[in-house]
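What follows is a set of notes on a single structure, which appears directly below.
The values are calculated or read from the model by the stated rules, or taken from the named source; none is laboratory data. Bear in mind the structure is a predicted one, so any value in this text is a computation, not a measurement. FYI the Cβ positions are ideal-geometry reconstructions off the backbone, even for glycines, and counts take in every protein chain you see. Areas reflect the complete protein model, heavy atoms only, side chains present, ligands, DNA and RNA absent. Shrake-Rupley method; radii C 1.70, N 1.55, O 1.52, S 1.80 Å.
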Amino acid sequence: LGLDNTRFAMLLSATALPNLLVPVFGGALLDIRGSRWGTMLFVVVTLLGQIAFASSVHLQWFLGAVLSQILVGVGAGSTVVSQAAISSEYFQATEMGLAVGIMESVHNLSNWMGQAMPAEIMQFFGG
């Protein structure tokens, strides 16, 4: 893909940009269709985006990689909303703060690992 800092930032922005508005629509969809249906939809959209991204990278098609990252952002942003909706169904009001805190901590840990680990993984596999 010939990634430099600008192209890498474009990929990150393509994932982050949909998260500005899409979770609002995802939340409304959850209210209409329910958290189980919505969560499955959001996870499938995220999976399709990841498959498209991997295919685009394999084909060395940068525009396809950017477009697929937008799809990932649409699905992943709404998945976070569905997690909160599901949590509200299973936890009492007095437990809700702890549940959301744990979810956010795991989310932030996975984001950190996603940014910290690629260099080590690439080095391990000789890339």
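Quickly run through region 86-103 and pick out the residues that are of a type in the set (Gly, Ala, Ser), closer than 20 Å to Arg36 by Cβ and open to solvent by 30 Å² or more (accessible area, probe 1.4 Å). First the steps, then the outcome.
Pass one, region 86-103, residues of a type in the set (Gly, Ala, Ser): 87-88, 93, 97, 99, 101.
From the residues that got through so far, the ones that are closer than 20 Å to Arg36 by Cβ too are 87-88, 99.
Passing the criteria: only Ser88.
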Q.
I'd like the full set of residues that are within 13 Å of the chain's Cα centre (by Cα) and not polar (S, T, N, Q), limited to region 4-25.
A. Leu11, Leu12, Ala14, Ala16, Leu17, Pro18, Leu20, Val22, Pro23
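Would you say Val24 is at pLDDT 95 or above, within 18 Å of Ala85 (Cβ to Cβ) and open to solvent by 60 Å² or more (accessible area, probe 1.4 Å)?
Numbers: at pLDDT 95 or above: no; within 18 Å of Ala85 (Cβ to Cβ): yes; open to solvent by 60 Å² or more (accessible area, probe 1.4 Å): yes.
In short, no.
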(Q) From the list Arg36, Arg7, exactly one residue is open to solvent by 90 Å² or more (accessible area, probe 1.4 Å) and among the basic types (Lys, Arg). Which is it? (A) Arg36
**Q.** Filter result for the condition that a residue is over 23 Å from Leu1 (Cβ atoms), without any contact (Cβ under 8 Å) to a residue 60 or more places away in the chain and assigned to a helix (DSSP H, G or I), over Phe25, Phe53
**A.** Phe25
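Can you tell me which residue among Ala99, Ala65 is free of Cβ contacts under 8 Å to residues at least 40 places away in the same chain and part of a helix (DSSP H, G or I)?
Working: Ala65 fails: free of Cβ contacts under 8 Å to residues at least 40 places away in the same chain.
None of the other options fit; the residue is Ala99.
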